[in-house]
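K.L.:
Before I ask anything, let me first share the structure, which is written out below as structure tokens.
The values are calculated or read from the model by the stated rules, or taken from the named source; none is laboratory data. Computed from a predicted structure; not experimentally measured. Every residue, glycine among them, receives a Cβ derived from its backbone with ideal geometry; neighbour counts consider all protein chains shown. Side chains included, ligands, DNA and RNA excluded: accessible areas come from the protein's heavy atoms. Shrake-Rupley method; radii C 1.70, N 1.55, O 1.52, S 1.80 Å.
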Amino acid sequence: MAEIKRCVIIGASPDTDVDFIRNAVRRDDFVIAADGGVHHARQAGLTVGLAIGDFDSGEAPDDLETLRYPVEKDYTDLELAVEQGIERGFHRFLIFGGTGGRLVHTIMNIMLMFRCARRGIEVSLEDSDILAYVMTGAETVSRIPPNVTYSVFSVGGDSIVSEIGAKYPLDHHVLPGFESTGVSGVSNFSQDGAEVILHQGNMLIVIEKNI
């Protein structure tokens, strides 16, 4: 089965691993560079289809299709980039350079993933050391690759989750949300690959690749 075409967004995080991006982006990905992400994209040798943002961290490029916004605006540059991708028909997004740097930006990007999921839009955050994505909907299954540490967080209330093949398995466990207490889903380990099943609720999955 052919891969679904992705929109790749390059953010401006100073912790971005350019070599990792160069190897992770596929030839048929449509690339949007958000603000300072233009610099990362150029370093990675990527073909950028659109540059977008307020460009408060660098000059707007004059050799690319560019959408420039004022610094004082209601949305972050990455939010604007995702919306532009949606307008161009994409439903699957991979964001590089969206973690690290300022904590508030990372939190905002996590919230962005959940807002997009409610619209049927798949958004993941990835860099060389981390992969984050969300799970929504009853009986949703996610397969965790081998030899990684991963954590699951319930968002928007309690969730019911099973984890199969992990170091610490769970069977229809009630995972507490932010307002509750109970056994957390932090730092499980997948030696041979694990399976996470969301029976109810909404969850954030964070895979730490190098721990």
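K.L.:
In the range 182-194, how many are in a strand (DSSP E or B), over 17 Å from V134 (Cβ atoms) and of a type outside the set (S, T, N, Q)?
P.N.:
The qualifying residues number 2.
K.L.:
Okay, moving on. What are the residue pairs meeting all of these: first residue in the range 119-133, first residue farther than 23 Å from N147 by Cα, second residue of a type outside the set (S, T, N, Q) and open to solvent by 20 Å² or more (accessible area, probe 1.4 Å), Cβ atoms under 7 Å, and 6 or more apart or on different chains?
P.N.:
Short answer, once both residue conditions are applied: G120/H91; I121/I86; I121/H91; E122/H91; E122/R92.
K.L.:
Let me ask you something else. Go through D77, D56 for me and flag whichever is in contact with a Phe, Trp or Tyr (Cβ under 8 Å, 6 or more places away or on another chain) and of a type in the set (D, E, K, R).
P.N.:
Just one listed residue meets the conditions, D77.
K.L.:
One residue is enough: does the range 55-68 have a residue meeting the conditions under 23 Å from S128 (Cβ atoms), in contact (Cβ under 8 Å) with a residue 12 or more places away in the chain and open to solvent by 80 Å² or more (accessible area, probe 1.4 Å)?
P.N.:
From the range 55-68, those under 23 Å from S128 (Cβ atoms) are 57-58; that's our starting set.
Still in the list and also in contact (Cβ under 8 Å) with a residue 12 or more places away in the chain: 57-58.
Next, from what is left, pick out any that are open to solvent by 80 Å² or more (accessible area, probe 1.4 Å): none.
No, there is no match, as no residue in the range 55-68 is under 23 Å from S128 (Cβ atoms), in contact (Cβ under 8 Å) with a residue 12 or more places away in the chain and open to solvent by 80 Å² or more (accessible area, probe 1.4 Å).
K.L.:
Could you tell me whether N210 is under 21 Å from the mean Cα position of the chain (by Cα) and in a loop (DSSP other than H, G, I, E, B)? Lay out the reasoning, then the answer.
P.N.:
Details: under 21 Å from the mean Cα position of the chain (by Cα): yes; in a loop (DSSP other than H, G, I, E, B): yes.
Yes: the conditions hold for N210.
K.L.:
Looking for whichever is open to solvent by 50 Å² or more (accessible area, probe 1.4 Å) and not charged (D, E, K, R) here; the options are H105, H40. Which one fits?
P.N.:
H105
K.L.:
Also: Here is a list: I205, I160. Which entry is out of contact with any helix residue (DSSP H, G or I) (no Cβ under 6 Å at 6 or more places or on another chain), in a strand (DSSP E or B), closer than 29 Å to G89 by Cα and open to solvent by less than 70 Å² (accessible area, probe 1.4 Å)? Don't jump to the end; show me each part of the working.
P.N.:
Values: I160 fails: closer than 29 Å to G89 by Cα.
After ruling out the rest, the residue left standing is I205.
K.L.:
Could you grab the pairs with beta carbons closer than 9 Å, sequence gap of 6+ or different chains, first residue in the range 28-48 and aromatic (F, W, Y), second one surrounded by fewer than 24 Cβ atoms within 10 Å (Cβ to Cβ)?
P.N.:
From residues that are aromatic (F, W, Y), the pairs are F30/K5; F30/R6; F30/G49; F30/L50; F30/R88; F30/F90.
K.L.:
Exactly one condition in (1) crowded, with 17+ Cβ neighbours inside 10 Å; (2) at pLDDT below 90; (3) among the polar types (S, T, N, Q) is not met by S142; state its number.
P.N.:
(2)
K.L.:
With the condition kept exactly as written, say whether any residue in the range 136-152 is in a loop (DSSP other than H, G, I, E, B), over 20 Å from S184 (Cβ atoms) and in contact with a His (Cβ under 9 Å, 6 or more places away or on another chain). Give the derivation first.
P.N.:
Initially, the range 136-152 is screened for residues in a loop (DSSP other than H, G, I, E, B), giving 137-139, 145-147.
Next, from what is left, pick out any that are over 20 Å from S184 (Cβ atoms): 137-139, 145-147.
Remaining after also requiring in contact with a His (Cβ under 9 Å, 6 or more places away or on another chain): 138-139.
Looking through the range 136-152, at least one residue is in a loop (DSSP other than H, G, I, E, B), over 20 Å from S184 (Cβ atoms) and in contact with a His (Cβ under 9 Å, 6 or more places away or on another chain).
K.L.:
Restricting attention to the range 116-139, which residues are at pLDDT below 95 and open to solvent by 30 Å² or more (accessible area, probe 1.4 Å)?
P.N.:
Within the range 116-139, R118, R119, G120, S128, D129, I130, T136, G137, A138, E139 meet the criteria.
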